[in-house]
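Let me begin by presenting the structure, written as structure tokens, before commenting on it.
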Amino acid sequence: MQHAALTTEEIRALIAKGKMKDTIFKAVGLLCLAIGLLVIFLLVGDMVMRGSERLNLAFFTEFASRRAGQAGILSAWVGSLLVMTVTAFAAVPLGVAAGVYLEEYAKRNWITEIIEINITNLAAVPSIVYGLLSLGIFVYAFGFGQSILTAGLTLALLILPIVIVSTREAIRAIPAMIREGSMAVGATRWQTCRYHIIPYAMPGILTGVIIGLARAIGETAPIITIGALTFIAFLPPVPFTEVSPGVSAGLFDWLMSPFTVMPIQIFNWTSRPDPAFEVNAAAAGFVLMVMVLSMNAVAIWLRYKMRKNIKW
Amino acid sequence: MTANNASDLPVVSDRLAKNAMRNVSERLIEMLLFAAAAVSVLTTVGIVYVLVTESIHFFQNVSIVDFLTDTQWTPLFDDAHFGIMVLVSGTLVSSFVALAVAIPMGTIIAIYLSEFANGKVREVAKPILELLGGIPTIVFGYFALLMVTPLLQKIFPELPGFSLLSAGLVMGIMIVPYIASLSEDAMRSVPMSLREGSYAMGSTRLHTAIHVVVPAAFSGLAASYILAISRAVGETMILAVAAGMQPNLTWNPMEPAATITSYIVQVALGDLPHGSIGYQTIFAAGLTLIMITLCFNILGQWLRRKFRENY
């Protein structure tokens, strides 16, 4: 069958129609991005407008209270800080050690396959399942109870895949000549790792750790599941201070103390029907967002500085 | 030290023999590092162990048939019903709403960023998406309850204060960055030669994007969609705050309902003695959740293998 050849006008019309579709799609794409930007603006704007009246120094130094005007986030941000400390102390050694093993020591056999598959799977597990795991194992089987220690370990397991992956990426970026040069002068594998690989990979590892901690600080579900309380009007005991007449707190008593964290405080205030607490929730939400965003910004800045300092 | 002839020099094996401890300490360190790597396997084993053992206790008191077919979920009442479909319906409806928003929007953004956008737009868009992805979910929950619901109530006046629709929409927005960045990576790894061949035949950019690039990148796109589904199914706080925690067997998104995850949170907020039937329900619910995500992950693996392209 023979088509009649298209006339020039018909070709031009086809091209114009194609270009118009391109332009429409570009507009749609920009619109979708704009929706995302709009959501961010609405969210932050709303929190700032609603919560600004409560954002003063008293907010950070007052405990939660039934009276909205007096409720503050002292126990929440202290709790978050302490839990993050435990998380970092648990996740960093574990994650870096695992990353170093997988990159430097592991042979390509089925055991390594299983470990790598597990790490990928764990990254996709819903966070509340980590809470269930910790409830069964840390709270009851190990007997750590509903404490800061349990929360820290839970979140450490949660961010472990992030730390492992960023350690591996950081180590992979180190050129082989460093490793080979070290081995050439007679260093063992561990000496190479300890004195060359890990120090050079540190900025990348730190970036990953900070991103992981930024994620962990906003996690609510696992912490609720292990039993963090929503109304706490005291701080964990400071070591070596007196907690009751004649009894002073031990060095690690704070680890076993009941606690709350920022996201749970926000959840508690958001769930109350009293509109006065919405103001508190907005202010606390804003503080949490500032925490998370500044941690992400530090991580990005670190990554940028690291790229500049690389001399290979 | 000076040597008068070659036989005076210390033999290499002598020197190393003094450092035989080196080998022992090397082995020890290797085992420690292996133990750290094995923690990931232990975590998975722990999750399976905890969920399965508590669920076994649970299923000694409740039959599996009842669990799967009962239409009420009232585990803490005197007349206790344990129909998991009530919670599953909430999970599926909210995930569906979320994905109905996130998949089109995320894919469009990914196509736009990889095929159309110039450098300046990408430099602005990437931080926006990273920002969106970094917002804690409890803040999204606040957003859903206190901003999106009143807005929706202006459009749908009969919308209740808690609804799956409002929570699902915000969940969708939260998932968009995942889909957008993973899909964009997949599309950018499609070699230019495929695109150039299409342009050489006279296609427009849109035509190339939809008919050449997207099919070629489909395996990566499928991976991102599966990740998004897992995120949606496992999301907790947005639903706990904005969808209400009332178990409700419904397929209508304009009603409040509880999901598997928000039920677990609701129970954890209360007081449940260790070992009671109520305590065990959260593990049975958790096991159901893991089964659902496992099914989607297996589907995702199959899809990726089937559509994997070798360029």
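The values are calculated or read from the model by the stated rules, or taken from the named source; none is laboratory data. All figures in this text were calculated on a predicted structure; none of them were measured in a lab. In this analysis, Cβ positions are derived from the backbone assuming ideal geometry, glycine residues included, and neighbour counts consider all displayed protein chains. Heavy atoms of the whole protein, side chains included, go into the accessibility calculation; ligands, DNA and RNA do not. Shrake-Rupley method; radii C 1.70, N 1.55, O 1.52, S 1.80 Å.
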- For the subset of the range A:118-148 comprising residues that are without any contact (Cβ under 8 Å) to a residue 24 or more places away in the chain and more than 9 Å from chain B (Cβ to nearest Cβ), which member is nearest to B:Tyr49 (Cα to Cα)? A:Phe142
- Please go through the range B:109-123 and pick out each residue that is without any contact (Cβ under 8 Å) to a residue 24 or more places away in the chain and under 26 Å from the mean Cα position of the chain (by Cα). B:Tyr112, B:Arg122
- Task: Hey, could you check the range B:101-158 for residues that are more than 10 Å from chain A (Cβ to nearest Cβ) and not in a helix (DSSP H, G or I) and say which is surrounded by the most Cβ atoms within 10 Å (Cβ to Cβ)?
- Result: B:Phe156
- Note on the structure: The residue that is farthest from the other protein chains (Cβ to nearest Cβ), considering only those in the range B:243-255 that are within 14 Å of B:Ser95 (Cα to Cα) and crowded, with 20+ Cβ neighbours inside 10 Å, is B:Pro253
- Query: Residues in the range B:30-49: is at least one closer than 21 Å to B:Val265 by Cα, acidic (Asp, Glu), assigned to a helix (DSSP H, G or I) and within 14 Å of chain A (Cβ to nearest Cβ)?
  - Reply: no
- Message: What are the pairs with Cβ atoms under 9 angstrom where one residue, in the range B:19-43, is over 21 Å from A:Val92 (Cβ atoms) and the other, located anywhere, is open to solvent by less than 50 Å² (accessible area, probe 1.4 Å)? Sequence gap at least six, or different chains.
- Response: B:Arg22/A:Thr188; B:Asn23/A:Thr188; B:Ser25/A:Thr188; B:Glu26/A:Thr188
- Message: Quick check on my filter: what residues within the range B:184-202 are open to solvent by less than 20 Å² (accessible area, probe 1.4 Å) and more than 15 Å from B:Leu303 (Cα to Cα)?
- Response: B:Glu184, B:Met187, B:Val190, B:Arg195, B:Ser198
- Task: Just give me the residues in the range B:203-234 being open to solvent by 10 Å² or more (accessible area, probe 1.4 Å) and among the hydroxyl-bearing types (Ser, Thr, Tyr), in sequence order.
- Result: B:Ser203, B:Thr204, B:Ser219, B:Tyr225
- Query: Taking helices (runs of 4 or more DSSP H) that fall entirely within the range A:149-245, which contain at least 2 residues that are open to solvent by 60 Å² or more (accessible area, probe 1.4 Å) and more than 13 Å from chain B (Cβ to nearest Cβ)?
  - Reply: A:176-184, A:198-217
- Message: Can you tell me which condition A:Gly143 does not meet? The list is (1) modelled with pLDDT under 90; (2) in contact with a helix residue (DSSP H, G or I) (Cβ under 9 Å, 6 or more places away or on another chain); (3) not β-branched (Val, Ile, Thr), and all the others hold.
- Response: (2)
- Any idea which of A:Gly79, A:Gly72, A:Gly18 is within 13 Å of chain B (Cβ to nearest Cβ) and open to solvent by less than 80 Å² (accessible area, probe 1.4 Å)? A:Gly18
- Task: Among the residues of the range B:53-80, write down those that are surrounded by 12 or more Cβ atoms within 10 Å (Cβ to Cβ) and of a type in the set (Ser, Thr, Tyr).
- Result: B:Thr53, B:Ser55, B:Ser63, B:Thr74
- Item | Filter result for B:Ser181 (in contact (Cβ under 8 Å) with a residue 40 or more places away in the chain, more than 15 Å from B:Glu235 (Cβ to Cβ) and part of a helix (DSSP H, G or I)) | yes
- Assuming A:Leu30 fulfils every condition listed in (1) closer than 24 Å to A:Met291 by Cβ; (2) modelled with pLDDT of 90 or more apart from one, which condition is it? (1)
